[in-house]
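A short write-up of the structure that comes next.
Coordinate-derived values only; no laboratory data. Keep in mind that this is a model prediction, so the values were computed, not measured. Cβ coordinates were reconstructed from backbone atoms using ideal geometry, including for glycine residues, and neighbour counts include every protein chain displayed.
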Ligand SMILES: [Mn+2]
């Protein structure tokens with residue numbers, strides 16, 4: 001891993017630290033960074049959504065309410081899609097419209113707005129209006145088909161569009177927000193200030209979808225975390241309780257590692273409708289029952305992922321020379337995205353994971369690194385033979401005839417030669433060397449102003465240089481973590497640090513002379529600050 005320091009000068013004051021933290025934010029987002037605009041005050045320009053299209057969508061919805069139309073909300077089965085559905089469903093409910101939510105099942109209906117799912121909807125519900133959330137922007141053919149059935153269509157989505165847009169009645173779209181964020185902007189247009197009550201849902205989808213937490217997303221994350229902590233929903237309280245945490249202490253990490261995986265597990269393995277029901281039901285007994293179901297689905301998902309990961313890692317290890325990892329195995333369709341993510345973490349290369357779907361068809365999930373826009377990459381393959389393809393910069397999904405597999409590999413190998421070596425070099429962005437005098441509460445306070453950390457605003461790392469290891473001791477249930485005592489060779493000062501999963505992060509810790517660290521409020525004892533070692537050299 002390459003350490004990239006923003007400055008080589010030792011940081012000795014809070015002012016200097018604050019300045020450096022601000023400088024690393026993309027310039028256009030710096031101004032409002034420390035006092036984010038409230039989501040209710042975001043302008044269309046802040047979000048990239050067309051006001052005209054938004055108005056059109058609202059007109060259609062008001063007409064639907066007036067005429068007591070049958071309305072279906074068509075969502076998606078990941079955390080973003082499920083919360084986006086919850087947002088719009090509750091907003092319409094608030095206006096007295098009992099819309100029917102529909103979330104496709106991965107195996108039965110496929111991904112996104114699919115004809116199989118639409119035919120099922122039309123035969124059972126016969127809607128007058130269908131509103132998509134978190135999908136639909138590349139579903140030209142499907143929208144065409146819906147219009148032939150005399151069904152009005154509003155698309156709300158945040159995925160990358162093609163050169164043309166589908167012939168929907170209104171398109172509320174931007175790539176700047178998560179699907180739940182786009183859905184919320186429509187809800188806000190309908191409900192006004194009351195839409196504030198839905199921010200607890202929106203933050204779940206926004207964080208889970210890994211959108212950069214800058215600009216409008218920072219507004220949503222900042223106020224959304226607050227809304228989540230103070231949420232009075234029985235569902236979210238129960239979700240927290242069953243995960244062994246208190247909702248009032250929820251963070252971005254809680255969403256990423258605890259809440260989102262549980263909501264996602266349902267859609268990955270079973271039916272995401274249960275995740276939606278678990279979120280929106282007001283009946284405490286029912287919500288508990290459903291949330292327990294989410295918990296066991298998540299455990300099941302963890303077991304499956306572990307086995308598949310072992311297999312995937314072995315396959316990937318044979319692809320040393322490739323800039324893009326393609327592996328194929330007999331994986332459960334619901335976990336190929338997780339496997340792709342782990343491959344990216346482990347090998348720092350874009351990863352494509354394929355599995356057999358219906359006879360003669362392969363399904364793939366792709367994840368990427370900064371610098372390789374994976375959806376654009378796939379779209380620019382010569383003679384693309386995808387049956388379907390969609391995604392954004394860092395994630396994509398496609399399906400393909402099994403007979404096309406070999407030519408896919410050849411084409412990807414060829415195109416991946418355009419990826420330059422510096423993009424593939426794993427790098428760790430570090431603010432700079434922090435004076436050891438600043439390992440204190442004031443520094444934590446300065447850091448806190450820049451929360452919540454996440455995509456686009458990563459948790460700040462600092463450099464410890466000229467160090468030697470005085471003492472070390474493995475800790476944890478399986479001795480997998482390491483507690484170290486470090487000394488600065490110049491000043492003689494020493495400090496204690498913890499390194500989680502040290503065999504992965506810092507296998508040669510005995511010989512390290514510099515380390516990347518992060519500072520956190522202490523979780524134990526009388527200390528105020530914990531230092532976590534992220535990597536050593
Ligand atoms: Mn999404």
Seminar exercise, completed: Rounded to the nearest whole number, the Stokes-Einstein translational diffusion coefficient of segment 396-477 at 37 °C and 0.692 mPa s (Kirkwood radius, C-alpha pairs) in µm²/s is 179
Exercise. What are the semi-axes of the equivalent ellipsoid for segment 1-46, taken as the square roots of 5 times the Cα gyration tensor eigenvalues, largest first, in whole Å?
Worked result: 29, 14, 7
Exercise. Quick one: if you stick a label point 7 Å off each Cα along the C-beta vector at residue 58 and residue 407, how many nm between them?
Worked result: 4.9
Seminar exercise, completed: So the FRET efficiency between residue 501 and residue 246, C-beta based with R0 = 22 Å and rounded to 0.05, is 0.25
Exercise. How do 376, 197, 209 rank when sorted from fewest to most other Cβ atoms within 10 Å of their own Cβ?
Worked result: 376, 197, 209
For this session: Compute the label zone of residue 226 within segment 38-61: residues whose backbone N is under 11 Å from the point 7 Å along Cα-to-Cβ.
Result: 38-40
Exercise. Measuring from label point to label point, each 7 Å out along Cα→Cβ, what is the residue 421 to residue 289 span in nm?
Worked result: 6.2
For this session: Kindly state, as a whole number, the per residue volume in cubic angstrom of the convex hull around the alpha carbon atoms of segment 262-353.
Result: 85
Exercise. Taking the Cα atoms only, what angle lies between the long axis of helix 115-124 and the longest principal axis of the chain, rounded to 10 degrees?
Worked result: 50
Problem set entry | Neighbour-count ranking [beta-carbon atoms within 10 angstrom, fewest first] of 498, 207, 327 | 498, 327, 207
Exercise. To the nearest 0.05, how large is the calculated FRET efficiency for residue 361 and residue 307 if R₀ is 30 Å and r is the Cβ-Cβ distance?
Worked result: 0.80
Exercise. Against the longest alpha carbon principal axis of the chain, how many degrees, from 0 to 90 and to the nearest 10, is the axis of helix 79-94 turned?
Worked result: 50
Exercise. Can you pull the semi-axes for segment 270-418, root of five times each eigenvalue of the Cα gyration tensor, sorted largest first, whole Å?
Worked result: 32, 17, 15
Exercise. Once every DSSP H run of n ≥ 4 in the chain is given -39500 (n - 2.57) and the sum is divided by its residues, what mean residue ellipticity at 222 nm do you get, rounded to the nearest 500 deg cm²/dmol?
Worked result: -12000 deg cm²/dmol
For this session: Alpha carbons only, please: Rg and Dmax for segment 358-514, in angstrom.
Result: 22.7, 67
Exercise. How high is the FRET efficiency between residue 320 and residue 387 when r is their beta carbon distance and R₀ equals 45 Å, given to the nearest 0.05?
Worked result: 0.90
Problem set entry | Binned Cα-Cα distances of segment 3-138, short to long, each 5 Å bin given as a whole percent | 2, 8, 13, 15, 14, 11, 8, 7, 7, 6, 5, 3, 1, 0
For this session: Find the percent of Cα-Cα distances in the chain that exceed 30 Å, and round it to a whole number.
Result: 53
Problem set entry | Residue exposure sequence - 223, 77 - by fewest surrounding Cβ within 10 Å | 223, 77
Exercise. Stretched out fully, how many nm does the piece from residue 124 to residue 144 gain, at 0.36 nm a residue minus the Cα gap?
Worked result: 5.2 nm
Exercise. Angle between the Cα long axis of helix 405-415 and the longest principal axis of the chain, 0 to 90 degrees, nearest 10?
Worked result: 50
Seminar exercise, completed: Yeah, segment 158-220 with a ≥ b ≥ c from its alpha-carbon gyration tensor (a/c under 1.5 is rounded, else prolate when a/b outruns b/c, oblate otherwise) is oblate
Problem set entry | Additional length obtainable on full extension of the chain from residue 257 to residue 466, 0.36 nm per residue less Cα span | 71.8 nm
Exercise. Sorted by packing (mean other beta-carbon atoms within 10 Å per residue), highest first, where do 415-423, 361-369, 109-117 land?
Worked result: 361-369, 109-117, 415-423
Exercise. Kirkwood Rh over Cα pairs of segment 46-203 into Stokes-Einstein at 4 °C, 1.567 mPa s: D in µm²/s?
Worked result: 86
Problem set entry | Pair residue 441, residue 520: separation of 7 Å Cα→Cβ label points (nm) | 2.0
For this session: If a/c stays under 1.5 just call it rounded; otherwise compare a/b with b/c (prolate if a/b is bigger, oblate if not). Do that for segment 381-427, with a ≥ b ≥ c from the square roots of the Cα gyration tensor eigenvalues.
Result: oblate
Problem set entry | Gain upon complete extension [residue 24, residue 508; 0.36 nm per residue less C-alpha separation] | 171.2 nm
Exercise. What are the radius of gyration and Dmax of segment 458-537, computed over its Cα atoms and given in Å?
Worked result: 12.0, 35
For this session: Can you bin segment 38-89 into rounded, prolate or oblate? Criterion: square roots of the alpha carbon gyration tensor eigenvalues sorted a ≥ b ≥ c, rounded for a/c under 1.5, prolate for a/b above b/c, oblate for the rest.
Result: oblate
Problem set entry | P(r) histogram, all alpha-carbon pairs of segment 334-426 included - 10 Å bins from 0, percent | 17, 52, 28, 3
Exercise. How large are Rg and Dmax for segment 125-185 when only the alpha carbon atoms are used, in Å?
Worked result: 11.2, 33
